Amino acid sequence: MSSAVFGQKAFLGQANGPDVELIVSGTEHYATYETVEGFTAIYDDALGRFYYARVIEGRYESTGVPVTSPPPPGLPQHARESDEVRSEKIRQHQERMKQRSHPTPEQE
């Protein structure tokens, strides 16, 4: 069963920063995050924070500016990854979930 959220405001924790209010849309397989002002955000696991994102060659890339700061000049709002990138990320997520539910002998 799949659950989805569309435009739901949520306070999300960060490992290395304060909770931030973001707009969440998506499913358990693929979700997007935006600031309340409409700027796309991505979470950097290595740095433990949400950063403003831009789309480079169809894929989200961090601007290096945390969402707790003003957005970089000229950053477009409501940026979206390409359909191809989104589909590939969904496929990869589904494969990881499948492997977790059916571990190989090496994983047991």
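Worth pointing out:
- Label-to-label distance, nm, for residues given as ASP44 and ALA15 (7 Å Cα→Cβ offset): 1.3 nm
- Only the Cβ atoms of Lys and Arg (+1) and of Asp and Glu (-1) were treated as charged; on that basis the dipole of the stretch 1-71 about its Cα centre amounts to roughly 60 debye.
- Among (1) 27, 16, 14; (2) 20, 17, 14; (3) 22, 17, 13, the entry that matches semi-axes √(5λ) of the Cα gyration tensor in Å as calculated here: (1)
- Taking 0.36 nm per residue of separation and subtracting the Cα-Cα distance, full extension of the segment from HIS78 to ARG91 would add 2.4 nm.
- Remark: the SER69-PHE6 segment gains 20.2 nm on full extension, using 0.36 nm per residue and subtracting the alpha carbon distance.
- Percent carbon-and-sulfur accessible area, the chain, ignoring ligands, DNA and RNA, probe 1.4 Å: 52 percent
- GNM result for the chain, Cα springs below 10 Å: residue of PHE11, PHE39, PHE50 fluctuating most strongly: PHE11
- Cβ-derived FRET efficiency at R0 25 Å, THR27 paired with SER101, nearest 0.05: 0.90
- Along each principal axis, Cα extent of the stretch 1-45, largest first, Å: 33, 23, 15
- Once the 1.4 Å probe is applied to the protein heavy atoms, the chain comes out at 66 Å² accessible per residue.
The values are calculated or read from the model by the stated rules, or taken from the named source; none is laboratory data. As the structure is a computational prediction, the values presented were derived from the model and not from experiment. All Cβ positions, even for glycine, are placed from backbone atoms using ideal geometry, and neighbour counts span all protein chains on display. Quick note on the areas: whole protein, heavy atoms, side chains included, nothing else; ligands and nucleic acids left out. Shrake-Rupley method; radii C 1.70, N 1.55, O 1.52, S 1.80 Å.
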